[in-house]
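Here the structure is laid out as C-alpha cells; the discussion comes afterwards.
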C-alpha cells in the first residue's frame, strides 16, 4: 500500500501581479526570480556570501561561508558582528535616524512613537541596566512582557551585550515560565506588573512570582510599570524598570559577537513533557530575516509595516523586531485583542496609521469573516498595498475574502510557509514576480532547496502528496535544541536521510507550486486512503455558511479511521440536521466520497493556542470519546473545551 498522502483539492484560480506592481518591485518578474533561484541553488555559498556582504554590517569578515557536518551547520565562520548594532546603530548616520522605528498603541488607546535615534538610546540604557545587574555575555534572560516597545527594547538590549534572551508569550501560565527557566538556566526575568487584554489586566508579575516559588536560580526580576495594578515587590530580588533606568546613561558600545554566538532560545508550545528550546544564532538568523523581510514584503522606505503576531512567537521575533529593524522599517505594534472594544479595532488602526503592509494569521482572517464584512467596510483600507499570511495553510475561500474585502482586489497576498525552527520564511510568493494561487505558498525562497519526498526520500511526481523536506542547509536554520543535541538529530534529521524533515505533508503541482496539506501527524488513514486534514477543512470552509472547521480522525473498525469535523458557523447561521447533511455532500462534491465526514459537530468555537493554532490533539481526544488528558496549558479559552465536551456528551 502506498504511504503517500492523497491530494484531491482542485484550485484553478490564478492572480498575476499587476504591471504597475511588477515595475516597482524588488524582483520584477517570474523569469528574474527563476534565474536568481537557480543561481542560489547551484552555488548557495556564493549566493549567501553576496547577500551577507550587502545586507549586514560586519565588524570582521568571515573566513568560511559554511561548515556543514550533518546535521550541524556553522555559517560565516570567523565573522564578527552585533545584531543590535545591525538593527539600530547603522541607521543613525543618515535620514533614518529621525524616522519612526516603532509606533505603538496600547489597548486602552495610549500611544508612543520611537525614532531610530530614540530607540537606540532606550536600548543602550537598558543594556546598561542589564550590566548593572550583573548580566553578561552568554547569560540567559527570560522576557515575559505585554506587547509594548519595552519587550523589543529588552530583546535588543540582550543582543547588544551578548546575553541570550528567551521570550515567553505573555498568555502563558506560571508553569510554562518555571519550565523554561529551569531548562535554559536563566538568571534574570524581565516582566511587567500587568498587560491589557480585552479590557482586563493580565497579572504578569503575579505569574512570575508563582513561577519563582522555591526558585533560587533567578537573581533579579526587572518590572516594567504598565497597568498600575497592585503587585508584590520582593526586596533584594525585584527592581522597577524606570528606577533602574535612572542610574545609567545612554552610551553602551555593542559587544563583538561571533557569527555563531547564540542570539535566543525560543520554546515551541503545545508539546507535552520537556519543553523544546529552539536555538538560533546571530549572523545566519539575522541574514535570513533581513533578506526575507526585504523581498517577501517588497519593503520600501516609506512603508508602515504591521505584523500582528505577539513578540512571544517566532513571527514576532523575525518579522516585528529583527527583520524589519535591520532594514530600517517603520513597525506598528498593538498591545490588545483585534476585537476589543469592537470587532473593527484592527481596521481602525490600519486606517489611523496608514498601514501599507499587513501580516497576519489565517485563524485571525477566519475570525474576521465570522464577525462579518460590515466591520472592515466601515473603514478606509486603501493605504494597504500588500497582505501576508503566516502560521498555517490558508484555505482558498479565506484567501479570496482577504484579497477581496481587505485588499480591495488590488493587494497581492504573500502566503508564507516557515517554522520556529527555520527562523525565516522558506516558501513564499514574491509580490512583483509570482502568479498567485489561493491556498498555495507557491515557490521556495532563494537558497531554499525544498522538496516533497516519499518514505525512501525519493522525490514524488507532481500532485502526489508526501513529506516536505529541505535538502540543503540555510543560514537561519536552528542550530540545535538547547541542551539536547540527540533530540535535535532524532527530531529533524532521522526521518529522511540527508534532509531536514519539517513534519509537514505537502504536494507540488505541475507548475512546481507547493500546497501544504498539514502536519504528517494529522494525516487520516481512511479505508487505505491517506488524506490530509487541511484539504477537508478547506472544502468545508468553502461552503457559504461555514466560518471555520477542524478535522480529526477517530478509530473505526471498518475504515481504520472515520472523519470527524468540528464546524463553526458564521454569525447569523444556525446548526440544523439538514445543514449537517448539506456539508457532508459539499465535501463529497469538492473532494470525493472518500473524504465525506462521518460525523459533523457544530461548535461555537474551536480550542486554540494563544497564537491561534487549532489544538487538533484535544479534538482527537473528544472525537474518540475519551477524556482530555493532554497538556492544555497553552489553550486560550477553557470554556471552548467545556462546551465541546458538552456537545459530545
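Quick notes
- Gained length - residue 525 relative to residue 133, 0.36 nm times residue gap less alpha-carbon distance: 135.5 nm
- For the pair residue 46 and residue 256, a Förster radius of 22 Å applied to the C-beta separation gives a FRET efficiency near 0.25, rounded to the nearest 0.05.
- The packing ranking of peptides 390-402, 558-570, highest mean first, is 390-402, 558-570, where packing means the average number of other beta carbon atoms within 10 angstrom of each residue.
- The chain: angle of helix 283-296 to the longest principal axis, Cα-based, in degrees nearest 10: 60
- Helix 116-132 axis versus longest C-alpha principal axis of the chain: approximately 70°, rounded to the nearest ten.
- In this label model, residue 598 and residue 34 are separated by 4.6 nm, measuring between points 7 Å along each Cα→Cβ vector.
- Neighbour counting of Cβ atoms within 10 Å sorts the residues 459, 535, 557, 230, fewest neighbours leading, into 557, 230, 459, 535.
- Highest average packing first - 323-329, 42-48, Cβ atoms within 10 Å: 323-329, 42-48
- Nearest-ten-degree value, helix 638-648 long axis tilted from longest Cα axis of the chain: 10
- Helical content of the chain, expressed as a calculated mean residue ellipticity at 222 nm, amounts to -8500 deg cm²/dmol (DSSP H runs of 4 or more residues, -39,500 (n - 2.57) each, divided by residue number, nearest 500).
- Sorting 72, 602, 445 by the number of Cβ atoms found within 10 Å of their own Cβ, with the fewest placed first, yields 72, 602, 445.
- The distance from the alpha carbon centre of segment 540-579 to that of segment 110-151 is 46 Å, rounded to a whole number.
- Using 0.36 nm per residue and subtracting the Cα-Cα separation, the extra length available between residue 572 and residue 464 on full extension is 35.0 nm.
- At R0 = 45 Å, FRET efficiency that the Cβ-Cβ distance of residue 201 and residue 486 yields, to 0.05: 0.60
- Contact order relative to length of the chain, as percent, for alpha carbon pairs under 8 angstrom and 6 or more apart: 14
- Protection proxy ranking, peptides 297-305, 123-131, average beta carbon neighbours within 10 Å, highest first: 123-131, 297-305
- Label zone (residue 110, point 7 Å along Cα-to-C-beta; backbone nitrogen cut-off 12 Å) within segment 172-216: 193-196.
- For segment 176-222, fraction of C-alpha pairs farther apart than 15 Å, in %: 44
- Fully extending the segment from residue 374 to residue 67 would add 105.0 nm, taking 0.36 nm per residue of separation and subtracting the current Cα-Cα distance.
None of the figures in this text is laboratory data; all of them are computed from the coordinates on show. What you are looking at is a predicted structure, and each value in this text was computed from that prediction instead of being measured. Quick reminder, even Gly has a Cβ in these numbers, built from the backbone with ideal geometry, and neighbours come from all protein chains shown.
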